[in-house]
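Enquirer: This structure is in structure tokens; I'll ask about it shortly.
Each reported figure results from applying straightforward, stated rules to the coordinates on display, with no laboratory input. Since we're looking at a predicted model, the values are computed, not measured. With ideal geometry, Cβ positions are generated from the backbone for all residues, glycine too; neighbour counts draw on all protein chains shown.
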Amino acid sequence: MAEGAAKSPRKEAIRLSKLLELSLGSDRFPVDVAALAKEVSRNCGDPIDKIIGDELPGFEGMLRPHKKRPAWHIVYSTSPQYRGRERFTVAHEFGHYMLHRPELSPADYPDGVLNRACGFECLPLQSNEWKQAEREREEEADTFASYLLMPIDDYRLQVGQNEISRELLAHITRRYGVSLLAAVRKWIEFTDMRAAMVVACDGYARWGRASDAALKTGIFIPSGMPIPEGSIAGMGPSGLSEQDRAAQLPEGIWTFRRGSEPVRELTIFSERLGLSVTLLMFERAPPKHWPIDELVPDAYDQFLRSGQP
Ligand SMILES: [Zn+2]
């Protein structure tokens with residue numbers, strides 16, 4: 001766990017991103033996070049001296065202390081399940097290094113061998129298996145990675161006035177070197193639009209998140225929510241040939257806590273992972289007949305990340 005004052009994951013990532021911008025200018029994407037991690041940690045007493053891919057059964061990544069001297073290794077999984085997520089995983093582990101590691105010194109190696117357990121072994125998040133402190137720590141490392149790899153100002157510029165489309169998402173994932181899911185999740189976090197994302201498998205939502213504006217109007221995605229049959233996601237990959245732009249669906253298909261409204265839906269299927277990633281975009285204002293009552297609690301924030309595209 002962290003020693004000393006807790007650092008803000010967002011501020012730390014933005015600080016490093018500004019340094020990169022100063023040295024490389026706007027042409028700094030995708031972020032070479034391995035080179036950055038080594039460079040930034042070089043002047044610490046316990047630098048990151050190795051970053052490697054390996055088979056990590058069950059794990060997505062690790063930040064491991066060196067057994068014989070004050071140093072760290074980042075290991076990321078080379079499993080096909082996590083293909084496309086390597087850069088994000090390295091950034092996540094770098095986040096643990098910057099935010100959570102105990103600083104190692106020769107005193108931690110009294111007989112030439114590390115005398116404490118202090119590594120980080122990162123699993124895909126499972127909502128029920130994590131204790132609160134672990135969940136917060138993992139979320140912080142994700143937030144760090146997200147802000148380091150996809151600065152919001154730059155992301156906004158890429159989107160401009162355009163509606164999110166398959167082509168635009170392809171551009172975003174290429175520019176930042178991240179997975180589709182990481183790119184969509186980031187957009188949901190900062191967009192002013194009423195929008196939501198749903199990751200589904202076998203007809204049910206496994207994970208979902210609504211934008212702040214959507215959440216305030218009663219839209220959230222509980223995990224386990226059935227995917228409507230009349231939706232693009234519900235039709236499955238064979239239901240539609242390559243969908244580039246969002247399809248306009250009438251009221252009555254996607255239904256939420258306060259009822260149903262028309263929605264624009266863009267769904268991308270990953271046959272490799274057997275998942276669909278759906279983006280729902282609603283009208284700016286909620287329907288007039290929707291009651292505006294109390295804010296929805298954080299039940300929407302269900303983390304079931306295993307098998308992300
Ligand atoms: Zn982690």
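Enquirer: May I ask you to compute the full-extension gain from L24 to D49, defined as 0.36 nm times their residue separation minus their alpha-carbon distance, rounded to one decimal in nm?
Expert: Extending this stretch completely gives an extra 6.7 nm.
Enquirer: I'd like to compare 74-80, 221-227, 205-211: which one has the highest average count of other Cβ atoms within 10 Å, and what's the full order after that?
Expert: 205-211, 74-80, 221-227
Enquirer: Ok, one more. Tell me the angle of helix 86-99 to the major Cα principal axis of the chain, expressed in degrees between 0 and 90 and rounded to the nearest ten.
Expert: Orientation of helix 86-99: about 60 degrees from the principal axis.
Enquirer: Run the quick spin-label model on Y204 and A117: label points 7 Å from Cα toward the beta carbon, then report their separation in nm to one decimal.
Expert: About 3.3 nm separates the two model spin labels.
Enquirer: What angle, in degrees between 0 and 90 and rounded to the nearest 10, separates the Cα long axis of helix 180-190 from the longest principal axis of the Cα atoms of the chain?
Expert: Its long axis makes an angle of about 80 degrees.
Enquirer: With θ set to phi - 60° and the Karplus curve 6.51 cos²θ - 1.76 cosθ + 1.60, what are the ³J(HN,Hα) couplings of the stretch 136-146 in order, to the nearest whole Hz, using x for Gly and Pro?
Expert: In residue order, the calculated couplings are 5, 5, 5, 4, 5, 5, 5, 4, 4, 4, 5 Hz.
Enquirer: What does the C-alpha gyration tensor say about the overall shape of the chain? Classify as rounded when a/c is under 1.5, otherwise prolate if a/b is larger than b/c, or oblate.
Expert: It is prolate, given that a/c is not under 1.5 and a/b is the larger ratio.
Enquirer: Let me ask something additional. Net charge around P286, counting only other residues with Cβ within less than 10 Å of its Cβ (Lys, Arg = +1; Asp, Glu = -1)?
Expert: +3
Enquirer: Right, next: Of the peptides 166-174, 151-159, how do they stack up when ordered by the mean number of other Cβ atoms within 10 Å, highest first?
Expert: Those peptides, ordered most packed to least, come out 166-174, 151-159.
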